[in-house]
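Visitor: One structure, as structure tokens, below. Some questions next.
Bear in mind that the values in this text are calculations on the coordinates, not laboratory data. Bear in mind the structure is a predicted one, so any value in this text is a computation, not a measurement. We place every Cβ from the backbone using ideal geometry, glycine too, and count neighbours over all the protein chains shown.
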Amino acid sequence: MIAVLVFLFGVAFISSAPTDVQQELGNTYGPSITEGNCTVTPDQDLLFSDHIHKTRIPFFTRSATTTYYGDIPIYCIRAMNQKAEERGGNANITKGGIGHTYVDIEMQSYVDHGIEFIIKIYGK
């Protein structure tokens, strides 16, 4: 009995620990993301811009992925939700990001809502 409890506790503890990818990426999930040094972002440093828009489908969620691959290191990523926080969705950086030359951003709406994000990636 004690061995079973120790095993279950160990499994719960290990599975709740953040993965290496989560630790590397930091806080990159939420309704809007501003990751990196985004205090000064001149237009000439803009590497990529995208507008993601998907209308709602009743009783379903909507999702989209945007990907950027380049040859210049990224220093700022913005994924700005254009809908109200309770009606939009969340964005999540899943690969790459700050300091890399690539990034994957996944977006997902809440049930019964659409998504609309403006993505801007800066680098130099």
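Visitor: Using the 10 angstrom Cβ neighbour count as an exposure proxy, how do Val40, Val111 rank, fewest first?
Guide: Val40, Val111
Visitor: Pull up all non-local amide H partners of Phe48: gap of 5 or more, or a different chain, and H-to-H distance under 5 Å with H placed in the peptide plane.
Guide: Answer set, sorted by chain and number: Ile121.
Visitor: Also, quick follow-up: Run down the lysines and flag those whose C-alpha is under 16 Å from the C-alpha of Lys83, throwing out any fewer than 8 positions away in its chain.
Guide: Of all the lysines, those that pass the test against Lys83 - Cα under 16 Å, at least 8 places apart if same chain - are Lys54.
Visitor: Within 15 Å, Cβ to Cβ, of Cys38, how many net charges do the neighbouring residues add up to if Lys/Arg are +1 and Asp/Glu are -1?
Guide: Residues near Cys38 contribute 0 overall.
Visitor: In nm, what is the difference between 0.36 nm times the number of residues separating Leu46 and Gln82 and their Cα-Cα distance?
Guide: Residue separation times 0.36 nm, minus the Cα-Cα distance, leaves 11.0 nm.
Visitor: For Thr61, enumerate residues with amide H under 5 Å from its amide H, sequence gap 5+ or separate chain, H modeled in the peptide plane.
Guide: The list, which skips near neighbours in sequence, is Asp112.
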